[in-house]
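The values are calculated or read from the model by the stated rules, or taken from the named source; none is laboratory data. For clarity, every value in this text was computed on a predicted model and none was experimentally measured. Glycine gets a Cβ as well: all are built from the backbone with ideal geometry, and neighbour counts include every protein chain shown. Heads up: the accessible areas ignore ligands, DNA and RNA and are worked out on the full protein's heavy atoms, side chains in. Shrake-Rupley method; radii C 1.70, N 1.55, O 1.52, S 1.80 Å.
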Amino acid sequence: KQTFYLGMGIDRTLSSIVLLAANTSNEDIVKIVSKAPEKIFRSPVGKKGPTKKQALQIIDVLNLNEQTANNFHKFIIAMYKTFINNDAIMVEINPAGIFNKTDIIALDAKIILDDKALFRHQDNLPLKDNDNLLPAIIKASRYGFSYQEYSGNIGCIVNGEGLTWAMKSLNAA
């Protein structure tokens, strides 16, 4: 009946998980982000998870019928639990949709987990996707290091992200 974008990510400026939603029935979320970011609903999530009030606000923004309210709230609570229980950095459902007039369904989803927390989630290790990583990054991670490749003849192997990003900013200068 209708499709839309739902997401949760970490907003470091707010020190909070942020719930995101946008009506994508006729547009790609990437176009909305670049051309009309004001169309994206953003709301910080408290430690207890998304509230019924937030669910109602999203239903209003997405122009969903009020009959979906209970199912919608349960759905975003389940997203939040997935986020928290797996130490996620981002959970994105694109698109989500309405099924049978009141049920919410994830038609496609992407979850990015915090690599530094994988030791707590050994069952998630087989899900790790290294297809887009350089072999040097994969090799360094086996030994507990972060590896960042730069242009020219600069390289940096460190045991934390901070120095890696500092080196990257020096390289860009």
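Rolling a 1.4 Å probe over the protein chains gives LYS81 an accessible area of about 120 Å². Candidates ASN70, ALA136, GLN2 compared by Cα position along the dipole of the stretch 1-152: farthest toward the positive end lies ASN70, with charges placed on Cβ. Per atom type, the chain shows carbon and sulfur on 54% of its accessible surface, probed at 1.4 Å.
All distinct Cα pairs of the stretch 14-107 go into the 1/r average, and the inverse of that average, the Kirkwood radius, is 13.8 Å. The modelled label-to-label distance for the pair ILE138/SER25, using points 7 Å beyond Cα in the direction of Cβ, is 4.4 nm.
What does the convex hull of the alpha-carbon atoms of the chain project to on average, in nm²?
12.4 nm²
Each Lys and Arg Cβ is given +1 and each Asp and Glu Cβ -1; about its Cα centre, the chain then shows a dipole of about 420 debye. Nearest 10 degrees is fine. How inclined is helix 52-62 to the longest principal axis of the chain, computing both from alpha carbons? For 52-62 against the chain, the angle is about 80 degrees.
Rounded to whole numbers, the Karplus 3J(HN,Hα) couplings from phi for the stretch 109-124 are 8, 9, 10, 10, 9, 6, 4, 5, 9, 5, 4, 7, 9, 4, 5, 8 Hz, using 6.51 cos²θ - 1.76 cosθ + 1.60 with θ = phi - 60°, and x at Gly and Pro. Take every Cα pair under 8 Å whose residues are at least 6 apart in sequence, average their separation, divide by the length of the chain, and the relative contact order is 17 percent.
Amide hydrogen proximity for VAL45: with H placed 1.01 Å from N in the peptide plane, the residues at 5 or more positions away or on another chain lying under 5 Å are ILE17, VAL18, LEU19.
In the structure shown, the pairs LYS81/LYS116; LYS39/LYS81; LYS52/LYS81; LYS35/LYS101; LYS74/LYS101 are assessed against 22 Å; a Cα-Cα span above that value is assigned to LYS39/LYS81; LYS35/LYS101. With the cut-off at under 13 Å, measuring from each backbone N in the stretch 34-55 to a point 7 Å along the Cα-to-Cβ line of MET90 picks out 34. Solvent exposure of the chain, expressed per residue, is 65 Å² of accessible area, with all protein chains present and a 1.4 angstrom probe. Based on DSSP H segments of at least four residues, each scored -39500 (n - 2.57), the chain has a per-residue ellipticity at 222 nm of -9500 deg cm²/dmol. Between the helical axis of 161-172 and the longest alpha-carbon principal axis of the chain there is an angle of about 80 degrees.
Projecting label points 7 angstrom from Cα along Cα→Cβ for LYS53 and ILE10 puts them 2.6 nm apart.
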